[in-house]
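One structure follows; several queries about it will come next.
The values are calculated or read from the model by the stated rules, or taken from the named source; none is laboratory data. Everything numeric in this text was worked out from a predicted model, so none of it was measured. Cβ atoms come from the backbone with ideal geometry, glycine included; neighbour counts cover every protein chain shown.
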């Protein structure tokens, strides 16, 4: 069954899929017409601003807003008292507006709506808060110690049997694996154990969070905001503000980057409540400083890895303990980290344990393959070290142990058709892998895995009388997905690309859609688009059958036309989509196609990256000289946007590897909340990121699509670390591998080289 | 906040000297406006000097060049005369910010912002630049660039004083200068360490005179005489350069912060001083 589906996909010849047309939103983007979160206004609109805790951890005794309310132009101030307790979204509520304690520097404690930004700012300064400053902790290992300051008095670690008696900062424990690792290590000829740390990185989307909210006295709300998932925003805001879901209509703006960070709410509930309180629309826009301090960066982590292998290169056991802090609330992505850590390998003995830890940092949000990059950094570093120690080519070593169809994954399920081996073989055969290196240069390789996801998906496809098609999706376009959806609809219907117009509908206009996350959009909305087109084709064939007075089964759809088939073949002139659409009114009315379901079968995507770096041994500065990203796309619908995803993941991974980090002072305050000192790579820091699209079709999608958005950020940090090790003889186990750390490592290594 | 944009320097000085509260002189605004936006400073008065025509001029003077306070980095970088005379100063100024920022940012603003990490300052100090200051009543005084900054964000300028221009003096034959900075990226960054070197050679090729200045390793830019002495009288052989690097490192008194560590800055100051000296030496030899 599986093979049959696979063959069907491979045999298909596409007319449009695989081409690279201009994106439908391109003109708006390059002319500045596109409306991003802060680009919309309303009559009578007020400006909303947030007061944030200057303390990393403090009990809030009282909040006095009287003086603030006296400022001319100030219309309302909201605090914790304006939000009812909410059992379902307890942590989200507490994160958007502090309750009894401020849990991190930047935690919202009040919000103001005023007629001008100046009045709002003035009011913020006049809000008096009586804080009782508490000891804080921002490091994951320190937060796990018995004597660490406790964030939540009632936090009893779940996943431990018997349950601990005392509260701690460890929210949850996870365990995955199979076999017996002790047995596996006993069979190994070489065992390597290493400890790793990674610092928190921010998604660093260019567009700050922004929204415009309007909420009337009778509970009708409208919200325009930049988000990856406006349905999720609707559901959470409705719950926090006590609204009926059907009365809150959320429209997603164009999005200036999200990468997982715009999958939750920060300002939106505050803007809605301020609007309700003032009876006027309220617009809120975060500053960059607020984005860093008070949105959702990823987790910082520490981990312990142990891997054993035989002399001939077979891994006998893999073990990892992962400790991730996800800010002040439960929810670090340690579970995914522990699941993905060894997913690239077919292992008889594997065990991973994960601890989800809370600290006095902003509540983490998803970031591209949440949890997986940190685990891959640790595991793939040890894999490379093992390969070097065994004298086996690193790609060959990975090939000897690579997971493939039928293997039991390290986290449980058995893999269906996957393409890791194909990416490794493509990397090995790539000219880059054997290109000569210059002085102080080194080459590194790493592989990576991400699950990918389906989720609730609704699509409508409307056939217009003029023969054009409206494609209505509900997944915000975060990576060129409107172009890919349009290609799939046009391909399926057999009409030109420019006859389909794809829009992202608001929450009132289309059924439920899960957020654009989990690399799900091209897979799930794409599948839904194809199914909706097929649904419309069935109806169009029925209309042709009615006109021709033959049975519906005697009509097929080919090359954009309904054609009589079987016994009736050739009896009638084929009717085009436009022909049928033109007279739809006379054949029964409007024609539309629909799909509403949770598509299963999102195919996993694997990647293998090759990186060359050059190290300045006198300053520790690392320059990426060449980068090739090889990844399985299943089927690349619009190859330019697939390549863009590979490149984007690689660049963000390089930033995380070399310079990006949250720097905290001893006071628990972030020291570098801006793009000057939070160092994302600039263009001139990077070479062109070369890409190789591997296509091992996903049997779960009609065209074979696998999501590609996330896997690309999984391998780069380990690949860079491995390249640095080859270039300078230093094994870096802490991210970022910034110049001071690299220089110290080089200087620490040199005397020992001299001594030898 | 009051904003004034006078058309003469005398008016500017007059307005500033009579003002109460916090005042700021606005040239390119690439520091002042950023500081205002971030809430670091809320001036009561901002005096914009860009409407003063003379401030935009680069004029030859005694074999050198006088650079007005509102001359942007881009303008300086397109001036062949200054580039030929003091390439290190121009390169240092051009390192500030992006292409867009270069269209606004000024060398004088970089000096008066008084950041220990300012890129143009070590280069100005080694070039022996002279700063021309106008004060209340039109009083004029001149001081070496080295004496302008007294600490992070602090200058020796008195109330009502404005820097009108900087004189980059004539350069003896067989001279060269260079400035290098360390940043983790390739652009859009603040120096973690900066090093400027200017030197002049005897006709026989030995070093007659040298100046070495370091940025971002102390509360002000350091003029490191022992580092300069280490190469005077030499042909910048490896031993001399090692001694220069060691002297540069020895002079550092940096801090640990988000941009670098004491250990890192101390070592890299020596590395960069040495590399800058090699470039300056090559330039001096033509």
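Could you tell me whether residue B:131 is in contact with a helix residue (DSSP H, G or I) (Cβ under 6 Å, 6 or more places away or on another chain) and over 22 Å from residue B:260 (Cβ atoms)?
yes
Oh, and also: Please work out which residue is farthest from residue A:458 (Cα to Cα), limiting yourself to segment A:509-524 and to residues that are in a helix (DSSP H, G or I) and in contact with a helix residue (DSSP H, G or I) (Cβ under 6 Å, 6 or more places away or on another chain).
A:522
While we're looking at this one, here's another question. Hey, does segment A:470-479 have a residue that's at pLDDT below 95 and assigned by TED's automatic domain parsing to the domain that holds residue A:592?
yes
A further question on this structure: Going by what's in this entry, would residue A:601 be described as within 14 Å of chain B (Cβ to nearest Cβ) and out of contact with any strand residue (DSSP E or B) (no Cβ under 9 Å at 6 or more places or on another chain)?
No, not satisfied.
If residue A:718 satisfies all but one of (1) part of a loop (DSSP other than H, G, I, E, B); (2) touching a helix residue (DSSP H, G or I) at 6+ places or on another chain (Cβ under 7 Å), what's the number of the condition it fails?
Tallying (1) part of a loop (DSSP other than H, G, I, E, B); (2) touching a helix residue (DSSP H, G or I) at 6+ places or on another chain (Cβ under 7 Å), residue A:718 fails exactly one: (1).
Here's something else I'd like to know. Quick check: anything in segment A:480-495 under 16 Å from residue A:597 (Cβ atoms), in contact with a strand residue (DSSP E or B) (Cβ under 8 Å, 6 or more places away or on another chain) and modelled with pLDDT of 95 or more?
no
Kindly provide the set of residues from segment A:320-338 that are surrounded by fewer than 24 Cβ atoms within 10 Å (Cβ to Cβ) and closer than 22 Å to residue A:180 by Cα, ordered by number.
Hits for segment A:320-338 are A:321, A:335, A:336.
If I filter segment B:150-158 for residues that are under 30 Å from residue A:737 (Cα atoms) and part of a loop (DSSP other than H, G, I, E, B), do I get at least one hit?
yes
I'd like the full set of residues that are out of contact with any helix residue (DSSP H, G or I) (no Cβ under 6 Å at 6 or more places or on another chain) and either under 11 Å from residue A:715 (Cα atoms) or part of a loop (DSSP other than H, G, I, E, B) (or both), limited to segment A:652-666.
Across segment A:652-666, the qualifying residues are A:659, A:660, A:661, A:662, A:663, A:665, A:666.
Another question about this same structure. On the basis of being over 26 Å from residue B:84 (Cβ atoms), at pLDDT 95 or above, within 14 Å of chain A (Cβ to nearest Cβ) and within 14 Å of the chain's Cα centre (by Cα), does residue B:216 make the cut?
Yes; evaluated as a whole, the condition is true for this residue.
In segment A:727-749, what residues are in a helix (DSSP H, G or I), surrounded by fewer than 22 Cβ atoms within 10 Å (Cβ to Cβ) and more than 14 Å from every other protein chain (Cβ to nearest Cβ)?
Scanning segment A:727-749 gives a single hit, A:749.
Does residue B:195 qualify as being within 14 Å of chain A (Cβ to nearest Cβ) and assigned to a loop (DSSP other than H, G, I, E, B)?
no
Kindly indicate the residue of segment A:669-691 that is surrounded by fewer than 20 Cβ atoms within 10 Å (Cβ to Cβ) and either away from every other protein chain (no Cβ under 14 Å) or in contact with a strand residue (DSSP E or B) (Cβ under 8 Å, 6 or more places away or on another chain) (or both) and also nearest to residue A:740 (Cα to Cα) among those meeting that condition.
A:671
Search segment B:232-266 for residues being in contact with a helix residue (DSSP H, G or I) (Cβ under 6 Å, 6 or more places away or on another chain) and in a helix (DSSP H, G or I), and hand back the single one that is farthest from the other protein chains (Cβ to nearest Cβ).
Step by step, filter segment B:232-266, then rank; the result is B:247.
Could you tell me whether any residue of segment B:20-36 is surrounded by fewer than 21 Cβ atoms within 10 Å (Cβ to Cβ), more than 14 Å from chain A (Cβ to nearest Cβ) and at positive phi?
Among the residues of segment B:20-36, at least one is surrounded by fewer than 21 Cβ atoms within 10 Å (Cβ to Cβ), more than 14 Å from chain A (Cβ to nearest Cβ) and at positive phi, which makes the answer yes.
Just to be sure, is residue A:291 farther than 20 Å from residue A:195 by Cα and not in a loop (DSSP other than H, G, I, E, B)?
For residue A:291, the condition - farther than 20 Å from residue A:195 by Cα and not in a loop (DSSP other than H, G, I, E, B) - is met.
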